[in-house]
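Scroll down for the structure; my scribbles are underneath it.
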Amino acid sequence: MGRLDHVHIRVPDRAEAAAWYFEHLGFEPVEEYEFWATDVEGGPLQISADGGTTMLALFQTSEGHPMVAQQTGVAFSVDVETFAAFARSLPGAINSPSGRPLVADDLIDFDMCWAFDLADPWGNQYELNCYDYERVRVELVVRDGIEPVRYWPRELYDSRG
């Protein structure tokens with residue numbers, strides 16, 4: 001199948017959404033695909049935080065394409081520095097999927113990686129992951145006194161042998 005190329009995201013206003021994604025998550029329009037947003041009626045605005053390797057395709061809602069939030073979640077992986085900077089910027093203008101402001105103690109310990117579940121202002125859900133488990137534990141969790149969330153007991157991971 002190859003790599004993830006893009007995910008379709010519906011928003012009421014593409015320009016407003018692009019500004020929010022840029023300000024809070026570092027996404028920028030991908031120039032190569034800009035004509036889809038400007039020249040194709042109903043076409044997407046392709047944005048990316050990694051130079052176009054992985055993109056979000058922002059589709060503006062319309063009568064024929066109502067607002068349907070991406071609720072199954074899209075996961076992105078980042079390095080320790082980016083992950084720690086994100087955690088330390090909280091709380092801010094990013095909410096948890098429940099709608100309350102995301103805070104550092106919303107950090108999820110998945111035993112092999114760390115994650116934050118978040119949502120944009122239109123209810124589209126995302127997961128931000130970092131797989132450098134030990135560095136995040138030492139440089140963020142221990143250093144900042146974060147109390148992470150666990151979805152299952154650590155013993156399940158440890159018992160894998």
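Is the C-alpha gyration tensor of the stretch 6-60 telling us rounded, prolate or oblate? Criteria: a/c under 1.5 is rounded; beyond that, a/b larger than b/c is prolate, otherwise oblate.
oblate
Charges at C-beta only: +1 for Lys and Arg, -1 for Asp and Glu. How large is the resulting dipole of the chain about its Cα centre, in Debye rounded to 20?
Computed charge dipole of the chain: roughly 460 debye.
Could you check the spin-label model distance between Y151 and E28? Points 7 Å from the Cα along Cα→Cβ, value in nm.
3.3 nm
Among W36, W20, W152, W114, which comes first, then next, by fewest other beta-carbon atoms within 10 Å?
Working: W36 15, W20 18, W152 10, W114 26.
Neighbour counts put them in this order, fewest first: W152, W36, W20, W114.
Run through the DSSP bridge list for the chain and note the antiparallel percent, rounded to the nearest 5.
In the chain, DSSP labels about 55 percent of beta bridges as antiparallel.
If you work out Cα extents along the principal axes in Å from the coordinates, which of [x] 53, 34, 25; [y] 83, 53, 31; [z] 93, 39, 35 do you get?
Computed from these coordinates, Cα extents along the principal axes in Å corresponds to label [x].
Using 0.36 nm times the number of residues separating A75 and E139, minus their current alpha carbon distance, what extension gain do you get?
Here the segment from A75 to E139 would lengthen by 20.8 nm.
Throughout, read-outs are computed from the coordinates displayed, never taken from laboratory work. Values in this document were obtained by computation on a predicted structure and should not be read as measured data. Cβ coordinates were reconstructed from backbone atoms using ideal geometry, including for glycine residues, and neighbour counts include every protein chain displayed.
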